[in-house]
Every structure is written in C-alpha cells, then in structure tokens.
Amino acid sequence: MKLAVWTYEGPPHVGAMRVATAMRELHYVLHAPQGDTYADLLFTMIERLPHRPPVTYTTFQARDLGSDTAELFKRTLREAHDRFQPQAIMVGASCTAELIQDDPGGLGRTLGLPVPVVPLELPSYQRKENWGASETFYQLVRAFAGANAPETGTARPARPDGQKPSCNILGPTALGFRHRDDVVEITDLLERLGIDVRVVAPRGATPADLARLGDADFNVVLYPETAETTARWLERTFGQPRTTTVPIGVGATRAFINEVAALAGIDPSAELDSERSRLPWYSRSIDSTYLTGKRVFVFGDGTHAVAAARVAANEFGFDVVGVGTYDRTFAREVRAVAEELGCEALITDDYLDVEDRIAELRPELVLGTQMERHIAKRLGIGCAVISAPVHVQDYPARRSPQMGFEGANVLWDTWVHPLMMGLEEHLLAMFRGDFEFHDAAGASHHGASHQSPSRQSASPADHAQQAAVGAPAPSFEPTAAANDLSEPAWSPDADQELKKIPFFVRGKARRNTETFARERGVATITVETLYDAKAHFAR
Amino acid sequence: MSAVRQSSALPSAGCDDLPVLRERGQREVFCGLTGIIWLHRKIQDAFFLIVGSRTCAHLMQSAAGVMIFAEPRFATAIIEDRDLAGLADANDELDKVVDRLLKRRPDIKLLFLVGSCPSEVIKLDLSRSAERLGRQYGPHVRILNYSGSGIETTFTQGEDNCLAAMVPELPAATPGEPGLMVVGTLADVVEDQLRRLLQGLGVPEPTFLPARNAADLPPVGPDTRFLLAQPYLAETARLLEERGAQRLAAPFPLGAEGTTRWLKAAADAFGVSPERFHEVTDRPHQRATEAVSRYRDALEGRSIFFFPDSQLEIPLARFLSEELGMRPLEVGTPYLHRGIMDPEIALLPAGTDLSEGQDVDRQLDRCRAATPDLVVCGLGLANPLEAEGIATKWSIELVFTPVQGYEQAADLANLFARPFDRRTRLEV
C-alpha cells in the first residue's frame, strides 16, 4: 500500500477515456462500480467539453455482485451500441471490476455486435493514466490499421512522383496540456513546409481514420507518453519512420523542422529563415539580463519536464537547480537532462517528496504542474505551469500552444511573468528606504487605507477552480509546528539591519540567517551573523 | 424497458398509492467517499484514510477541487498489485501507512478507516483493523471505520455510514434527563443559528452529531429525542433508535416553512407553548419569507427537473414549489426512504413525478421531452445540457453551501434564481 495525499495521474482507465473522448464515432463501455462516473466531470468541467464523454458505465452495486454482473455488462454493452451506434466499441474494466474478473473482452465477443469490439486490459493496480492512454491507443491502432498491414518484410514503396510528402500526427488526447493548440501550431508548421497531414490521432480521428494511418510517409510523435509505443509499432509494421524531437522551445523547434524535412526529403531553409519566434530577441534584450542565473526547479511529465529544463537553461539563461518527473517510464530521459545541466533528478509520484525538494532547493521559479503551483504558492515562490495534470485554467480561451515558434513565445510570456521585472527590481532597491515604500504599505493603486495583501490569499484562479466544482471557500490547515525554544533570537541591531533589506527578499534573508545560526548553534543573531549568513549563502 | 412503474413496497404512513418510477441502469452519481469533503471540514480533528485504489484518490481530488488545502485531513492508502498477489500482508501494510500518518499528524484525535469498492471486494475487514489499531493508538486517537464505497453507498450515504459508525461510541445519557440531538452535518454558522432558536424555545440544550471536535460526542439514551437535519441519514437514525432514542418526524429545515415545521416538531415534543413558539420564530420566519419572496418573480411558474444526487431533491422541490411557486416535473432521488420522506412528500404538489435510482440515458430522454426551465444535475451532465440550451443548477453546490435555516432561505432561493439571472444578462 502507498499513502497518497494527491496523485499526479489517475488510474489507467482514465487514460483510456482520454483517448475515447478525443476520438469520434468510438464508444467505451466500462465495467465499473457506481461512483466511477466522476471521471466524466474531468472532461465536462475541467476541459469544458459541451458533450458527455462517449463512455457508458455498468455502475454495479453490492446487490449485483456474485449474481449477474456479467449479464449486467452484456446488457449495458448491447444498449450502448443500440443507442450510440458507433463505428467501434472499446470494452474494459475499472479497478474494482478487474477484481471480479468478468472478462469484458470475452463477453463482448459473445454478443456478436455488428461493429468491432476492442478489448482493453489495463491493470489498475500496477499502471497509471498515461500508460492507460498509450496502451489504449496502441490497441486501437493495431485493431484498425493492423488489418491493412503489408506482409512482414515488404519494403515500403517509394512515394509516387509528384505526390506531396505526408505524415500523421500522433499523441494528442482529450484532457491534455494544450494539445488543442499544439496540434493547430504543428499542423500549420508542417503545411508551410509542404507536408500533408493525413491523420491526427487520437484527437479528432474516427476508427476509420486509424485504418489509414499506414498511408502516410512518416509519423510525427507529438506526445511520446501516448504515442511512442504506437509509432514504434507502425514503424515495424508499415516501415514508417517517426520523429523523436518534441518541438518545445526555439532550439527544439528548429531541430524538429530539420528532422521532418529530412524524413520528407525537402529543404527546410525557407521556414528556418522566416522564423517567427520573438523569444531569441526578447531573451537577448538588455532588460532580460536580470533573468541570468535565476534558480529554477522543473517538474512534470517526462516530455514537458525535459523540454522545459533545456529551454530554461539554453533559451532563458536560468540555472536549473532540479528537474523531475512523476512518470517513471521517462526516468532515463530526465536523468540524462539532469546530468547535462548539472543538477539532480527527482523521480517520484509522491507529492510530499516534491514539496520537500522544492523547500530544500528554494528556487526562485518553479516550472511544474498544478500541484507544484500550490506548493510554490505556499512557499511564496513564482510558478508557471508546464505540464499535466490539468486544471480549468489550463484551457485558456485564446490560442496558447507550447510547441512550435508561437509556443516558444507563449513560454516566454508565461515563465517571465511570475518573476519580478528587472527594472522594477532596480527601482525597489533604489527606493527601499522611502517612507511610502515598505512592506506594510500595500500597492499604491489601492490607496492609503489598503494594507499589505496577504501572501496566502487565494488567487482568482483558485476561485475559478472552486467555482468550477462548487468547493467551499479556501481555508488553510492549522500547522502542527509549535514555537521551538531553541530558535535563535534576533538582537535589536540585527533586527534593524534586517528591516533595511528590501521586503521582497527579507523573508528569505530571515530564513537563511536563522538556518545559518541554528546550524552553528548561535543563540543570538547579531549584525555580524546576518552578514556571515549572507556571505555563506551568496552564490 | 427494464424499469417498472410500481407502488412503493416500503412501509410508510399513508400515500401507499404514490407512483414511483424505479430505475436500474447507469447511475451518474458520486460514491459515498465524496462526503469526506464536507465531513473533514466539519470534524476539525478527524482524519479520513480511504483504503482503496488510485481511482479513489483521483475521485477525491477531482470531485473536491481542493488542492488548495495545504495538506488535507484525508488521504488514500492505495492498494497495489503486491497487496493483491499476497506478496504483502494488507494488514501489515495498512499498519505502516497509519503509523506514518499519525506520526506526521499528531493533532489527529479521530481516524476513520474508510472502505472502498476494492477493499470490500477483496474483503479487507477494516473493522478488525480499526480495533487492532485502536488498541495501539488509543486512547489518544480513536479509530473507527465505515464504508464509503460505490457498491454500498451513493454520495451522501457516505455521511450516513460515517455517523452510524460513531453511534456505538456515543456515551449513555443520564436516565430520566430529556435530551435533544440534531443529526447531520451542518455548516457551523447554521448550527449556531439553530442552536440559538432551540435554546430560545426552552427545549433541552441541543447537542449535535457530528460535533466540531471528535471528543464532543453527544450522549444518547431512551430519553433522547432527535431531529434529522439532513434527509439521507436512515442508517444513523436506525442505530440511534436501537439505543432507545426517538426520532421526531418532520420536514427538513430548508426554506422558511421547512425550518418552522422542523422547529415545531421539537417544540411539540417538549410541550413548548404556542405563544413561546411564535415569540421565538415569528420574526426570523417573517424575515426569511420576505427575503425569499424577492426571488419569486424570477422563479414563479418555472418548471424544474431533478436528477438524483444527494437525497435533498424532495425537500428542495417542496421548498421551491411551496415558497417560490416553481413547478417540479420529475424529482429524482438516488434512494427513497418513505419513513423519513413522507412528511415532505405530503407537501409536494399533485402530479409531481417521483423517480428512484437512475438510468441516466433514459432520464435524459425524459428530461429533454419535458423541456424544463431548469435542471438540477451533477457536474458530468451540466455543461452538456447547457450546450443543448437547457439551464442547469449544479446539485453539488447544494451540499457544499450553507442552505438550512431561516437566514439561509434566501441564499437557497438565489442558487436557483442565478441561472435565470445569468441568462437574462448574457448577450453572447
């Protein structure tokens, strides 16, 4: 057993739902107890889809157990087919139904429905959401494209003269982090290069579309989490090469353009010469000097964490002090980028471990998931979200891709925003002694009566989140930590000196000095201790 | 059609001819684990440890959207493959998890081990675990267990099971000393208002189950009368009756009239004079009636359709028809306990269709055919219905928001008026 406060990934059948909901003309019949229908709200409330996910649940209860759950499954499957008339149906079990071993796949076959029934085996007690999405996509593609597979060993015929090069885009699902916008961005990019995009899957594809995946010249693997297994199978079966570069950031987008150009046998120089990203110039702009060496901690799914770490180091000039992922299947890639950037990798799906690491590293910026956003808020650190798990605010109304050159622009805006602007930083230093300018004064646009806003007040985004699910007003748990009698005391001089430090770094200076004093058994912090600590922690 | 239209087989006081549509099909409702979201806010030194799967943990954070809590007082002990394969002893594993948890949270006085679908299917006996752990960590930490599983409970029934697990722990009341207990989780502000009203009536000092602290267990015995503040507490009521307490039958304290009737049940049981009753209730009753009437224009004559969710549907339909002139079309409830609900059903307008259980696709068909002005439904259905042009109200807000009592009657009316207000404003 494993103690979990929050989870980064849902169970594997939620991954299957992300594939089913992304596609059209496909239905998923899930053997599951009452209550598992909660997963519908992920799609209708977080992603704000205007339709229900194409999922029918058996919602069995205790009274059904041992008597006729198999019969219940068959009836549910038949009724779902009759009502929704899909091109194909996937059948499977959630965690509880897996234990009662009714074999939905076998039951599905016996019904003799007039459409293909694809059985899914998703072991809920070993695997998680991303694996479930990947396995589901793989099983569907095998089922539908597999029928058109050439004889093993058949060489792929050359593209006929005069036919444009073509590819499929693989990986985008429902409930993905910016998948909606990435697909638009990369499709545009490929079309500008003169490459036909034949099928985008699973997002927007029908089972019939999957059947013609083998027609394209190569596959673009946008999200390896969901598509790599499938792309490797297509490579073996149809001789279709696949991309290995995920185009997040300017450098990766350039590399991606070169990679697809090589696969398509075309010249990419026109596209590379007309590069549309503002990131390179903004990053070289003189006001960005203050970004140099900002300490950044990166955490997310494997693909986004690796990409964000490289972009942070190479395109923003940050110091990446830690990088990690909750998805063990990407541990190797994450460890490699950690080594490349000279920091330690953190491979864990325990939210409390991530919190401990961030608290220990004290970065100036966190690039993480919604979970890290909450950690960062508690610790008073800026944060930008770079990866699933998602939240209603990860579905902005405007187009906001992560990939391609426009995606790089979006990264620039969203990562720099949480940091204090450089010029403001200078002004703060210049005016730090000004009577109007101290931490109790509050923002000038609130007028004199306004007191300094609490750090812990919930942001509008949190209110939006609560509103989305009707949760009660935020309140914070009482902390168990009591005043420790061994805490060092501040001498009046040192306390005065501390107040001269700009308020936005004063908390950090206080903590560092106290840590320094504690570690050395200093009972009273003097001005000397303060500056000893400052020198100690100076980079 | 597997559904049958039949009269209730449950014993009840009158109205036996009431037709109830019984449905058995896909249920679009939460399981009982979801009750932890409000129970852990109410009992401030209790921790809820779900023994379940990754799905349970995912449900809790998705349904609650409460990741803003620093470290919530609930968590999941996720059963893994090695627990199922017998490679690890599930009891030893649970002990380790509880040990880690209680070391981390020394402020916890009451720990609930909460059963889930998988823990019940593998027949993990959490009552024995609770006993064993209770010997180890008691008396500082009391350890109880209940089931919040979807195979046993629908949404609010999780609270019923939680309170039912507390009933055997309640101390015996002093014989001959009359007592009044209010049963069901209420927001603190509502609890305080109702306490002041009951104190004003001069009935015995009311106690509340659950109380805000684990140690404040209300006493119970043959001289205890109790009022249900929530309609979904059939099992808790049964166990209280087994300990000799008597339930005071009453409508629920929703709306000005519901609150008055609820208080009247207590007043009559303890022989409060009509003068005293009027003296205490007239002013707040009038205040509530006036405040509610401000929403009458927005709601009068509008039709409303309830999907089953919290078992609050029937009392809400009664409030909306009686005090605001709305027209309930179908009122769905996950479970209909006639003994508890009869006083409410008697107040519904003639021609209201009642349904129990659910077959969601068929109910959606009926809903579209009925073309209601407002649909009360869960989060999985609301946006899809809105996209079809049907106004909805999220039922979950009705259990997370303080809605009981005189002072909240207008807030409750406003929850139903707001969807209409919004539609009037929008020009996009």
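The values are calculated or read from the model by the stated rules, or taken from the named source; none is laboratory data. This structure is a prediction, so every number in the text was calculated from the model and none was measured. Here Cβ is always computed from backbone atoms with ideal geometry, including for glycine, and neighbour counts include all displayed protein chains.
Taking B:D81 and the conditions (1) farther than 14 Å from A:Q126 by Cα; (2) touching a Leu at 6+ places or on another chain (Cβ under 9 Å); (3) within 7 Å of another protein chain (Cβ to nearest Cβ), which numbered condition does it fall short on, given that it satisfies the others?
B:D81 satisfies all of (1) farther than 14 Å from A:Q126 by Cα; (2) touching a Leu at 6+ places or on another chain (Cβ under 9 Å); (3) within 7 Å of another protein chain (Cβ to nearest Cβ) except (1).
So which residues in the range B:144-191 are among the hydroxyl-bearing types (S, T, Y) and crowded, with 24+ Cβ neighbours inside 10 Å?
Within the range B:144-191, the first condition is being among the hydroxyl-bearing types (S, T, Y), and the residues that meet it are B:146-147, B:149, B:153-154, B:156, B:174, B:185.
Scanning the range B:144-191 gives B:Y146, B:S147, B:S149, B:T153, B:T154, B:T156.
Quick check on this structure: which one of A:E129, A:E135, A:E98 is away from chain B (no Cβ under 14 Å) and of a type in the set (D, E)? Please lay out each step first, then the result.
On the way: A:E129 fails: away from chain B (no Cβ under 14 Å); A:E98 fails: away from chain B (no Cβ under 14 Å).
Unique residue meeting the criteria: A:E135.
State whether one or more residues within the range A:148-163 are in a helix (DSSP H, G or I) and over 30 Å from A:S400 (Cβ atoms). I'd like the intermediate steps shown before the answer.
Initially, the range A:148-163 is screened for residues in a helix (DSSP H, G or I), giving A:148.
In the following step, the residues that additionally are over 30 Å from A:S400 (Cβ atoms) were identified as A:148.
Checked against the condition, which is being in a helix (DSSP H, G or I) and over 30 Å from A:S400 (Cβ atoms), the range A:148-163 yields at least one hit.
If I ask for residues that are of a type in the set (D, E, K, R) and assigned to a helix (DSSP H, G or I), which ones from the range B:295-342 would you list? Break it down stepwise before answering.
Step one: of the range B:295-342, the residues of a type in the set (D, E, K, R) are B:296-297, B:300, B:302, B:309, B:313, B:318, B:322-323, B:327, B:330, B:338, B:342.
Of everything in the range B:295-342, those that are of a type in the set (D, E, K, R) and assigned to a helix (DSSP H, G or I) turn out to be B:R296, B:D297, B:E313, B:R318, B:E322, B:E323, B:R338, B:D342.
Based on this model, can you work out whether B:V399 counts as more than 8 Å from chain A (Cβ to nearest Cβ), aliphatic (A, V, I, L, M), in contact with a helix residue (DSSP H, G or I) (Cβ under 9 Å, 6 or more places away or on another chain) and part of a strand (DSSP E or B)? First the steps, then the outcome.
On the way: more than 8 Å from chain A (Cβ to nearest Cβ): yes; aliphatic (A, V, I, L, M): yes; in contact with a helix residue (DSSP H, G or I) (Cβ under 9 Å, 6 or more places away or on another chain): yes; part of a strand (DSSP E or B): no.
Answer is no for this residue.
For the range A:348-379: of the residues being within 15 Å of the chain's Cα centre (by Cα) and farther than 20 Å from A:V334 by Cα, which is farthest from the other protein chains (Cβ to nearest Cβ)?
A:R373
Can you tell me which of A:V321, A:V390 is within 14 Å of chain B (Cβ to nearest Cβ), in contact with a helix residue (DSSP H, G or I) (Cβ under 7 Å, 6 or more places away or on another chain) and not hydroxyl-bearing (S, T, Y)? So that I can check it myself, show each step before the final result.
Working: A:V321 fails: within 14 Å of chain B (Cβ to nearest Cβ).
The match here is A:V390.
Quick check on A:R332: is it at negative phi, in contact (Cβ under 8 Å) with a residue 60 or more places away in the chain and more than 15 Å from the chain's Cα centre (by Cα)?
On the way: at negative phi: yes; in contact (Cβ under 8 Å) with a residue 60 or more places away in the chain: no; more than 15 Å from the chain's Cα centre (by Cα): yes.
In short, no.
Of the conditions (1) in contact (Cβ under 8 Å) with a residue 12 or more places away in the chain; (2) facing chain A (nearest Cβ under 8 Å), B:P384 satisfies every one except a single condition; which number is it?
That leaves (1) as the condition not met.
At pLDDT below 85, among the polar types (S, T, N, Q) and out of contact with any Pro (no Cβ under 6 Å at 6 or more places or on another chain): does that describe B:Q61? Give the steps one after another, and end with the answer.
Numbers: at pLDDT below 85: no; among the polar types (S, T, N, Q): yes; out of contact with any Pro (no Cβ under 6 Å at 6 or more places or on another chain): yes.
When the stated conditions are applied, B:Q61 does not pass them.
Please work out which residue is surrounded by the most Cβ atoms within 10 Å (Cβ to Cβ), limiting yourself to the range B:115-139 and to residues that are within 14 Å of chain A (Cβ to nearest Cβ) and in a loop (DSSP other than H, G, I, E, B).
Here the answer is B:S116.
Could you tell me which of the residues A:Y57, A:Y38, A:Y8 is more than 8 Å from chain B (Cβ to nearest Cβ) and not charged (D, E, K, R)?
A:Y8
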